[in-house]
Amino acid sequence: MRLFFHIGRYFLMIKSTFTKFTKWSVLQKLIFQEIDDLIIGSIWIVAFMSFLVGGVVAIQTALNIESPFLPGNLIGFATRQSVILEFAPTLISIIMAGKVGSFITSSIGTMRVTEQIDALEVMGINSLNYLIFPKIISLMLYPFLITLAMFLGILGGYIASVYAGFSTSFDFIQGIQLDFKVFHVVYAYIKTTLFAFILATIPSYHGFFMKGGALEVGKASNVSFVWTSIVIIIINFVITQLLLA
Amino acid sequence: MIEINNIAKSFDNHKIIEDISTTFDKGKTNLIIGQSGSGKTVLMKCMLGLLDIDEGEIYFDDEKFNKKNISKLANLRKQMGMVFQGSALFDSMSVLDNIIFPLRMFSNKSNTEMIERTKEVIRRVDLKDVDNKFPSELSGGMRKRVAIARAIVLNPKYLFCDEPNSGLDPKTAIIIDKLIKEITIEYNITTIINTHDMNSVMEIGDKIIFLVEGRKIWEGNNKEILNTDDKLINDFVYSSELFKKVKLYQKNKN
Ligand SMILES: Nc1ncnc2c1ncn2[C@@H]1O[C@H](COP(=O)(O)OP(=O)(O)O)[C@@H](O)[C@H]1O
Ligand SMILES: [Mg+2]
C-alpha cells in the first residue's frame, strides 16, 4: 500500500538525516537561522492565540456552569486544566503545522524543484542532514513556546473572568493551584517534544520528496499540513491513552 | 576523461536511457545534444550519481564510479562542478555566499584565502559589483555566471552544464558558451554540456553525441555534423531556416 511506502521512506529519511554530518561551523549558522525563522518568528502568533483562547475557555466555562452550588474556584481550575493539557500543546501545534509546517514544506519544496537540493548533493553534501537536522534541533526549543502559550492562556483566562465579573481574583488563583499534579505538566511536555519532532520532519518529508513545479509546491504544503495535523492528533490520542488513562 | 559503458536507466519500467557508451575528453567541451525529452538531463544525472543507473559503468579517469563507496564518492564529488539548467543558486544566500559555499564546506583555507579565491573566480566569470546581491536580483545571464563561478571555485576536474544557455538571449548565450569553453581549456577540465542549441553546437562542439529517445545514434564533432547524411541529424540540425540557408550556401560554393 502507498501509505506503507511513505512510512518506510519517512523513517529512512530520518535515519539518513543523522548520518554524514555537515561541517559543524556551517550547521551552527543554519541552526541559528532556523531558530529565528521557526521559533522567534512564531512567538507573536502563539502569544496572541493563547491569550485570547485562554480568555474564551474561561468565559465558556463560566457561562456553562453557572450554579450557586459549584465552588467559585472551578473556573480557574478548568481553565488551567484545558490550557495545560490540551490547548497549549495540541491546539497550538496544529496551528504551527499550518504556520511552520507549510513554511518548511514550501521552502524545501522550492529547493527541490529549482534543483538546489541536487546542487547540494553534487557537491557531496548530505542534503537531508543539511536541511532537516537544523530544523529538528531548533524545534527542540519548541517547549519554550508552549510554556509561553500555557502562561498566556491562563493569564488570558484570569483577565477575562476577573474583569468580566465571572470570578474573583482570589477564587481564580485558588482554582489554578487546586489539585495541581506535576505529572500533568510532564505529560504536556512529553507531547510537546514529540509534536516538535513531527513539526520538523513531516513537512520536511513532503517538501523533500515532492515532484513537479511551483504549483506542486503549493499542493505539497497543503498535503503536508493535513498529514502533520492528522499525525499530531493520532499521537495525542495514543499518548493520552498511555499516560493518563 | 570520462568513459561511460552501456548505460541504461528506466523509470517505472519505462526505458529512458538505453545502451549509451562513449568517452568525453579532457580539455574539451563535450556536447550531449538532442530534442527536449531525449534524455540528456537523465544521462547527466546518472553520470553525477544523482540518479542510480540500472546497467553499465562509468569511469572518471579510469577510476570506476561507485556510489556505494562513500568516502571515494565524497572525494570524487569534490572534483565535480555542475551548472544546473535553472542555475540552482541558493535563494537565501548572497552571490558571494553562494560562490564561497563549496569552499566553506570543503576547504581548509583561512577565511581571507577563501574570500580571495571567491573574488578571483567572480572576476574570471566577468561579474562586477554583485557580491552582496541576492539571486533574485540578477538577470538570467548573471545567474549563469554565478552558477559557473560556484561550479569552478574548487578547481574541478569535471564540469557538467545542463543547458547552460537556455533562457538567455542569443548574444548572451554565445558569451556564456565561450566562457565555458575558455575555462575548459584554461584549467584543462573535462566538460560535458547538454544542449539543443545549434549555435552552441557550431561554436563549442569539440565532441558531440546525439541522442534520440534515449539512444545514442551518432557521435562526431561540429565539422562532421554538417556533412552527415543521417536523416535524424539533418532534421535536427536543419530545423532552423538559418542552417538550411548555410547548407545551401555551402552546396553552391562547392
Ligand atoms: N524522475 C523522473 N521520473 C520519471 N520520468 C522522468 C524523470 N526524469 C525524467 N523523466 C523522463 O525522461 C525523459 C527524458 O527527460 P530529460 O532527460 O529531462 O530530457 P532532456 O533531454 O530534455 O533533458 C522524459 O520523457 C522525462 O519525462
Ligand atoms: Mg534537460
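The values are calculated or read from the model by the stated rules, or taken from the named source; none is laboratory data. What you see is a predicted model; the values in this text were computed from it and never measured. All Cβ positions, glycine included, derive from the backbone under ideal geometry; neighbour counts span all protein chains shown.
For residue A:51, are the conditions met, namely being aromatic (Phe, Trp, Tyr), touching a helix residue (DSSP H, G or I) at 6+ places or on another chain (Cβ under 6 Å) and in a helix (DSSP H, G or I)? Answer is yes for this residue.
Of all residues in the range A:104-122, those that are without any contact (Cβ under 8 Å) to a residue 24 or more places away in the chain and facing another protein chain (nearest Cβ under 8 Å) total 7.
Would it be correct to say that residue B:112 is under 20 Å from residue B:1 (Cα atoms) and either in a helix (DSSP H, G or I) or in contact (Cβ under 8 Å) with a residue 40 or more places away in the chain (or both)? Taking the combined requirement at face value, the residue does not satisfy it. Residues that are part of a helix (DSSP H, G or I) and either among the hydroxyl-bearing types (Ser, Thr, Tyr) or touching an Asp or Glu at 6+ places or on another chain (Cβ under 9 Å) (or both): does the range A:27-41 have at least one? The answer is no, given that none of the residues of the range A:27-41 is part of a helix (DSSP H, G or I) and either among the hydroxyl-bearing types (Ser, Thr, Tyr) or touching an Asp or Glu at 6+ places or on another chain (Cβ under 9 Å) (or both).
Taking the conditions (1) away from every other protein chain (no Cβ under 11 Å); (2) closer than 20 Å to residue B:192 by Cβ; (3) away from ligand 2 (no atom under 16 Å from the Cβ) in turn, residue B:161 satisfies each one other than (3). Across the range B:6-53, which residue is farthest from the other protein chains (Cβ to nearest Cβ) among those that are within 14 Å of ligand 2 (Cβ to nearest atom), assigned to a loop (DSSP other than H, G, I, E, B) and surrounded by fewer than 21 Cβ atoms within 10 Å (Cβ to Cβ)? Within the range B:6-53, the match that is farthest from the other protein chains (Cβ to nearest Cβ) is B:35. Checking the structure you have, find out if any residue of the range B:189-200 is within 14 Å of chain A (Cβ to nearest Cβ), within 16 Å of ligand 1 (Cβ to nearest atom) and closer than 25 Å to residue B:5 by Cα. So far as the range B:189-200 goes, yes, one or more of its residues are within 14 Å of chain A (Cβ to nearest Cβ), within 16 Å of ligand 1 (Cβ to nearest atom) and closer than 25 Å to residue B:5 by Cα. Restricting attention to the range B:102-121, the residues that are more than 8 Å from chain A (Cβ to nearest Cβ) and closer than 21 Å to residue B:180 by Cα add up to 6. Only one entry in B:134, B:84 is surrounded by 20 or more Cβ atoms within 10 Å (Cβ to Cβ) and out of contact with any Lys or Arg (no Cβ under 7 Å at 6 or more places or on another chain), namely B:84. With a requirement of 2 or more residues that are touching a residue at least 24 places away in the same chain (Cβ under 8 Å) and hydroxyl-bearing (Ser, Thr, Tyr), the strands (runs of 3 or more DSSP E) lying completely within the range B:135-220 that satisfy it span B:190-195. For the range B:226-246, check the following and say yes or no: at least one residue is outside any helix (DSSP H, G or I), more than 16 Å from ligand 2 (Cβ to nearest atom) and acidic (Asp, Glu). The answer is yes, given that some residue of the range B:226-246 is outside any helix (DSSP H, G or I), more than 16 Å from ligand 2 (Cβ to nearest atom) and acidic (Asp, Glu). Do we find that residue B:87 is within 14 Å of chain A (Cβ to nearest Cβ), under 30 Å from residue B:241 (Cβ atoms) and within 16 Å of ligand 2 (Cβ to nearest atom) in this structure? Considered against the rule, which asks whether it is within 14 Å of chain A (Cβ to nearest Cβ), under 30 Å from residue B:241 (Cβ atoms) and within 16 Å of ligand 2 (Cβ to nearest atom), residue B:87 comes out as no. Residue B:166 passes every criterion in (1) surrounded by fewer than 17 Cβ atoms within 10 Å (Cβ to Cβ); (2) touching an Asp or Glu at 6+ places or on another chain (Cβ under 9 Å); (3) within 11 Å of chain A (Cβ to nearest Cβ) apart from (3). Among the listed residues B:168, B:127, which satisfies the condition of being of a type in the set (A, V, I, L, M), out of contact with any strand residue (DSSP E or B) (no Cβ under 6 Å at 6 or more places or on another chain) and within 16 Å of ligand 2 (Cβ to nearest atom)? Residue meeting the stated conditions: B:168. Here residue B:70 fulfils each of the conditions (1) of a type outside the set (Ser, Thr, Tyr); (2) more than 11 Å from every other protein chain (Cβ to nearest Cβ); (3) farther than 24 Å from residue A:104 by Cα apart from (2). Hey, could you check the range B:50-84 for residues that are in contact with a helix residue (DSSP H, G or I) (Cβ under 7 Å, 6 or more places away or on another chain) and within 16 Å of ligand 1 (Cβ to nearest atom) and say which is farthest from residue B:107 (Cα to Cα)? Across the range B:50-84, the extreme among qualifying residues is B:53. For the range A:88-103, the criterion of being within 14 Å of chain B (Cβ to nearest Cβ) and closer than 30 Å to residue B:87 by Cα is met by at least one residue. Across the range B:190-223, the number of residues qualifying as more than 11 Å from residue B:32 (Cα to Cα), basic (Lys, Arg) and buried (at least 18 other Cβ atoms within 10 Å of the Cβ) comes to 0. Checking each residue in the range A:90-140 for being charged (D, E, K, R) and over 22 Å from the mean Cα position of the chain (by Cα) picks out A:112, A:115, A:118, A:121. Applying the set (1) under 13 Å from the mean Cα position of the chain (by Cα); (2) modelled with pLDDT of 95 or more; (3) within 13 Å of chain A (Cβ to nearest Cβ) to residue B:80 leaves exactly one unmet item: (2).
Evaluation of residue B:59 against the conditions (1) within 16 Å of ligand 2 (Cβ to nearest atom); (2) within 21 Å of residue B:17 (Cβ to Cβ); (3) of a type in the set (Ser, Thr, Tyr) shows that the sole unmet condition is (1). Scanning the range B:189-203 for residues that are of a type outside the set (Ser, Thr, Tyr) and at pLDDT 95 or above gives B:189, B:192, B:193, B:194.
When restricted to residues that are under 26 Å from the mean Cα position of the chain (by Cα), free of Cβ contacts under 8 Å to residues at least 60 places away in the same chain and within 12 Å of another protein chain (Cβ to nearest Cβ), the range A:8-25 contains 0.
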